[in-house]
Structures are given as structure tokens and as C-alpha cells.
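**Q** Here it is: the structure, laid out below.
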Amino acid sequence: MNNTENTSSVKTRLSVSIRLPLLIITSFLLIIITVIVMVYLRFEKRTVEEYTAMGKSATQLMTNTFDADKMPLYLEKNFELEEYNDIREELIMLKKNYPDVMYMYIYHFIPEGGEVIFDLDSDYNLDADPPGTLYDPDPAVLEYMDDLCSGKEVPAMTGDTEDGYMLTYMRPVFNSKGEYACHVCVDFSMEDLHKQDLRFVLGLLLALIAVMIIITALDIMYMKRNITGPIDRIKNATDKFSYEKESDHQDNIRIMEELGINTGDEIEVIYKLFIEFMKNNLNYMRNLNQAENDIRSKEAQIGQISEEAYRDILTGVGNKTAYSKRVKEINAAIPDGKCDFAIVMMDINDLKKINDVHGHKAGDQYIKGCCHLLCETFKHSPVFRIGGDEFVAILQGPDFENKQSLLERLRNDLNESYSNEDLDPWLRYSAAVGMADLASDDNTFELVFKRADQAMYEDKKRFKEQHGSYR
């Protein structure tokens, strides 16, 4: 047999020659992504910090240009007041000293929005809001409306707007009585800086990718020559191996020796150990081949005799002899507390009627069908036929842990089969079942069996009361 069949499952995976470069590339990509994200976040954070500091400075100077106690008057009279126009001129001059400021304005916030008090472009820019206009807050501002209306300071806000990527800083102003009067606000355009950051990050990304490609190519060349290359040669050589005859093993050794791998590292050591192992294995095979054949022959004979002695011929489950042997083993283990089990007793309903009316061939099918349902339900437990129509399952492992739900499933399967009147009578499987498990005061298997048998008897009684003695 060629070892290609033995390694078919391995061939579905990527080879080391591919996985190692992929590992390197993945590692580089993770490093690059981490660096890019950190650099970008650092630029973003630094820009926000700088503009926030500038916004605090500008808004502080703005508060010095007006009287907070006159905010209601400014809102009512605005351009009719000479003082209002003088303040606007001072604000315009101030804005010129901050070229990075895109918008400078003063709002009084109420729950419905922001009332415009000063807008530097309101007298000549048709898009600006005139004094008294109720400003409809942006989504970013809505989050802080309660704080704004109560005169609390809110953090600088950044985000995309109709005018691009902006940073807004708002400073609350209070009148001489300590009451909230308005917010002085500045908007900075971060669009250009945002684009510069992205261009820088993109350039850095391209540079790192170029370095990654060069390093990866060099690593792949090195691995191909010193690691994956020798491994691939060994793997390709083993693909040619056969194991059917002794001469095949001799050829396998010759194929490996012809590789002549001399890497001077662990791969060479493993290569030579592999050849040595193959030679030792061949020697053992020569000495043990005949003995193996004899053992296999005897084991086959013993296995056949044992199987015939302990198997029920009709159903293939354990017979009465196998059952008695298992009972002795359990009785020996009970005193030591080394076993935990349950017994399911099954007695087939109406077997005599099936045999009498439809013949023993149909009866045999009926028995095998009922037995099959029992075996399929308790797949992890031994099943025995202890009489013509009686079966016992000794539950263990998962079957014991889930015994109650499995018992209910078996009863449902039997009821469903019996209720299917479209089937032939001998295919409508029906049986009474009962279960009992080892109690703390049980010292023999037979005590548990009696309770299971009694439970089965009660189930059969219920069946007869419902369906009669025969179907």
C-alpha cells in the first residue's frame, strides 16, 4: 500500500513552504497595522489637543469684548445698537488673528436649540443665521444639550459636517449674578490636516509594505534553501514509499539515503534519525513477520469462536451466556463501589400472535426490529437477548447519564412504530420497557433487575389495558 493513501488527510492542509511565509507576512501586516493605527491616532490626538487649546484661548478673548449682563438686549436690538456693532467689529478683528478659525459665533442655548446672538457674517453672508435665529443643533451637539442649556462646559467636538471635518469648542459665559448667559464658540476646519494625516499614513503604509515585501522575499529564499526545501524533499520522497513487501521497505531506505541532506542543523539530525529508524524497523519486521502472521491467525480463530459463543445468532447482540458473564462481573464490582449502572428490561408485545398469524419469518423480522430500536437508543451500552422475546440493556457511560431522556425516546419510537397502521403488522414494533438503576443499598445485580422487570411488567399491563392482548 502506497503511503499516499495514509497521508491524504495531511495533503488537504497547506505545506510548511506556504505556511511559514504566510506566518511572516501575517506578522508583518499586524505590525504595520498596529504602527499605522498608533501613528494616526497620535496625529489625531495631537491635532485635537492643539486646536482645543487654541479654541480656549480664542473664546477667552471673545468674552472680553462684551457685557454678559446685556445678552438679552443684544438679542433683542442687535444691529440697532452701536455697542452691538462695535462688538462685532472687535470679534471680526479677533477672528483675523486666528486664521485657523472658520466660524466664530455666540449662541444662547435653550432646550429647543441655540439662539443666535452674534454671527460674524450675518450682515453680508446670506447663508449665515441672523440674530434671533433658532439654531437647529447637529447630532453631535444634541448629546450635550442639557449641559449646554445649564451652562456647563462640554468637551471639544470633532466630526464630519457639511463644511468638512471640523472641531468645535464652546465656552460658557455667565453674567454678574452667576447666571448662564451664553456660549462663545469657534469652529476649526481640520479637513486639510486630516487629509495630510491620511497622506502621511498612506505613505508610511506603502513604505512599510515595500520593506515587508523585501524582507519576506529574503526570508522565503532562506527558508526554501535551509528549511522548507529539505522538508519538501523528505516529504516528496515519502510520497513514493510503499509498504506491501520487505523489498518495498528496502527501496524506501534507499530513496531517503539518496536525498543526502546536509543542513548542519536539527533538520539533518531528524533526517538521519528517520533513516536509522527505518533500518531498525526493517530488522524488526524480518524477525517478527512470521510470528505476527501466526498470532493473527490464532486471534482470528479465537475471535470467531468467542463471537459465536457470546452472540445471539438472530439479532447479533449478546446472548444468555454473555449476559451471565456480564452479571458475574458486575456482582464482583458492586461491593467495592466500582460500578454505576442501570438496567433497561424490554419484553416484546404480541410476538406469539405475529408468529401464529404471519409465520416465524415475520416473527424474526419483528424481533430484530424491536432489538434494533433498543440498540439505537442505547448506543454506548451492551444489549443482551436473554429469552425469545426478552432483552436487557445494561446502561453505562453517556447512556447512564441520560437514561431517563433515552428511555422516553425509546418509548416514543415504539409508540410511533406501533401506531403506523400503514406498515405490515410485523413491522409495527411494540414492546414493554422498564428501567431501574443501582441503589445505595443494592448488593447484587439481581435486585436491580427485579425492579426493572417490575417496571417493565407495569408498562406491559398499561399496554394491554389500552390495546388489548393482541393488536
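**Q** Mind ranking 214-220, 167-173 by how tightly packed they are, going by the mean number of other C-beta atoms within 10 angstrom, highest first?
**A** Details: 214-220: 13.3, 167-173: 21.6.
Packing order, densest peptide first, comes out as 167-173, 214-220.
**Q** Quick one: how many Å² of LYS460 are accessible to a 1.4 Å probe, rounded to 10?
**A** 30 Å²
**Q** How large is the helix-only mean residue ellipticity at 222 nm for the chain, computed as the sum of -39500 (n - 2.57) over DSSP H runs with n ≥ 4, divided by its residue count, in deg cm²/dmol to the nearest 500? Working shown, then result.
**A** Values: 15 runs with 269 residues, N = 471.
My calculation for the chain gives -19500 deg cm²/dmol from helical runs alone.
**Q** Can you tell me how much longer the chain between GLU246 and ARG199 gets when fully stretched, taken as 0.36 nm per residue apart minus their C-alpha distance, in nm with one decimal? Walk me through the numbers before you get to the answer.
**A** Details: separation 47, 0.36 × 47 = 16.92 nm, distance 6.84 nm.
Length gained, GLU246 through ARG199: 10.1 nm.
**Q** How do ILE270, ILE354 rank by accessible surface area computed with a 1.4 Å probe, from largest to smallest? Walk me through the numbers on the way to the answer.
**A** Values: ILE270 110, ILE354 0 Å².
From most exposed to least exposed: ILE270, ILE354.
**Q** On a full-extension model of 0.36 nm per residue, what is the gain between GLU257 and GLU329, subtracting their alpha-carbon distance, rounded to one decimal in nm?
**A** Numbers: separation 72, 0.36 × 72 = 25.92 nm, distance 5.45 nm.
Computed gain between GLU257 and GLU329 is 20.5 nm.
**Q** For ILE87, ILE209, give me the order by solvent-accessible area with a 1.4 Å probe, most accessible first, ignoring ligands, DNA and RNA. Mind dumping the intermediate values first?
**A** Working: ILE87 5, ILE209 55 Å².
Largest accessible area first, the residues go ILE209, ILE87.
**Q** Within the range 130-246, what is the number of lysine pairs with alpha carbons under 26 Å apart, leaving out pairs fewer than eight places apart on the same chain? Each step should come with its number before you reach the end.
**A** Numbers: LYS152/LYS177; LYS224/LYS235; LYS224/LYS240; LYS235/LYS245.
Eligible lysine pairs with Cα atoms under 26 Å apart amount to 4.
**Q** Taking the full set of protein chains and a 1.4 angstrom probe, give the accessible area of ILE255 in square angstrom, rounded to the nearest 10.
**A** Roll a 1.4 Å probe over it and ILE255 shows about 30 Å².
**Q** When only Cα pairs under 8 Å and 6 or more residues apart are kept, what is the percent relative contact order across the range 155-279? Numbers along the way, then the final one.
**A** Details: 93 pairs, mean separation 16.1, N = 125.
Across the range 155-279, relative contact order equals 13 percent.
**Q** Further question on the same structure: THR133's amide H: which non-local residues (gap 5+, or another chain) put their own amide H closer than 5 Å, with H modeled 1.01 Å from N in plane and none for Pro or chain starts?
**A** Residues meeting the amide H criterion: VAL116.
**Q** Can you give the accessible area per residue of the chain, in Å², using a 1.4 Å probe? The partial results should precede the final answer.
**A** Details: 27700 Å² over 471 residues.
For the chain, the solvent-accessible area averages 59 Å² per residue.
**Q** Share of the range 385-471's accessible area from carbon and sulfur, percent, 1.4 Å? Don't skip to the answer; put the middle values down first.
**A** Working: 2140 of 4860 Å².
Carbon-and-sulfur percentage of accessible area, whole number: 44.
**Q** Treating the Cα atoms of the chain as identical point scatterers in vacuum, please give the log10 of the normalised Debye intensity I(q)/I(0) at q = 0.09 Å⁻¹, two decimals.
**A** Log10 I(q)/I(0), no solvent term: -0.81.
**Q** Would you mind working out the magnitude of the charge dipole of the chain relative to its Cα centre, with +1 at each Lys and Arg C-beta and -1 at each Asp and Glu C-beta, to the nearest 20 Debye? Write down the numbers at each step before the final one.
**A** On the way: 52 positive and 80 negative charges, 795 e Å.
That gives a dipole near 3820 debye.
**Q** I've got another one for you. Can you list residues from other chains, or at least 5 along the same chain, whose modelled amide H is less than 5 Å from the amide H of ILE386?
**A** Excluding prolines and chain starts, which carry no amide H, the hits are PHE391, VAL392.
**Q** On to the next question. Ignoring solvent entirely, what values of log10 I(q)/I(0) come out of the Debye formula for the range 389-471 at 0.16 Å⁻¹ when each Cα is a single scatterer?
**A** Values, matching the q order: -0.71.
**Q** Pull up the cross-link candidates among the aspartates and glutamates for LYS77, meaning alpha carbon to alpha carbon under 20 Å and not fewer than 8 places away within one chain.
**A** Filter leaves ASP67, ASP69, ASP86, GLU89, GLU90, GLU115, ASP119, ASP121, ASP123, ASP129.
**Q** If ligands, DNA and RNA are left out, what is the accessible area of LYS279 with a 1.4 Å probe, given in Å² to the nearest 10?
**A** 80 Å²
**Q** Indicate the helices, whole DSSP H runs only, in the chain that combine a mean Kyte-Doolittle hydropathy of -1.0 or more with a Cα extent along their long axis of 15 angstrom or more. Could you put the intermediate results ahead of the total?
**A** Details: long enough: 16-63 (69 Å, 0.99); 82-96 (21 Å, -1.07); 191-226 (51 Å, 0.88); 228-239 (16 Å, -0.96); 246-257 (17 Å, -1.55); 266-310 (55 Å, -0.64); 320-333 (20 Å, -0.85); 360-377 (26 Å, -0.34); 403-419 (24 Å, -1.32); 445-467 (33 Å, -1.38).
For the chain, where a helix must reach 15 Å along its axis and average at least -1.0, the hits are 16-63, 191-226, 228-239, 266-310, 320-333, 360-377.
**Q** At a 1.4 Å probe radius, which order do ARG462, ARG411 fall into by accessible area, largest first? Walk me through the numbers on the way to the answer.
**A** Working: ARG462 120, ARG411 55 Å².
The most accessible residue leads, giving ARG462, ARG411.
**Q** Follow-up question, since we're still on this one. Do the alpha carbons of any pairs in LYS325/LYS352; LYS56/LYS95; LYS320/LYS461 sit beyond 20 Å of each other, and which pairs? Could the numbers behind the result be given before it?
**A** Working: LYS325/LYS352 29 Å; LYS56/LYS95 13 Å; LYS320/LYS461 26 Å.
Long pairs (Cα-Cα over 20 Å): LYS325/LYS352; LYS320/LYS461.
**Q** Let me test this: with uniform point scatterers at the alpha carbons of the range 160-250, what is the Debye-based log₁₀ I(q)/I(0) at q = 0.16, 0.19, 0.20, 0.24 1/Å?
**A** After summing over all Cα pairs, the log10 values are -0.89, -0.98, -1.01, -1.11.
**Q** A follow-up question, please. Calculate, for ASP146 and LYS77, the FRET efficiency according to 1/(1 + (r/R0)^6) with r their C-beta to C-beta distance and R0 35 Å; round to the nearest 0.05.
**A** Values: r = 30 Å, r/R0 = 0.84.
Here the calculated transfer efficiency is 0.75.
The values are calculated or read from the model by the stated rules, or taken from the named source; none is laboratory data. Model, not experiment: these values are computed from the prediction. Using ideal geometry, Cβ is built from the backbone for each residue, glycine included, and neighbour counts are taken over all protein chains shown. Side chains included, ligands, DNA and RNA excluded: accessible areas come from the protein's heavy atoms. Shrake-Rupley method; radii C 1.70, N 1.55, O 1.52, S 1.80 Å.
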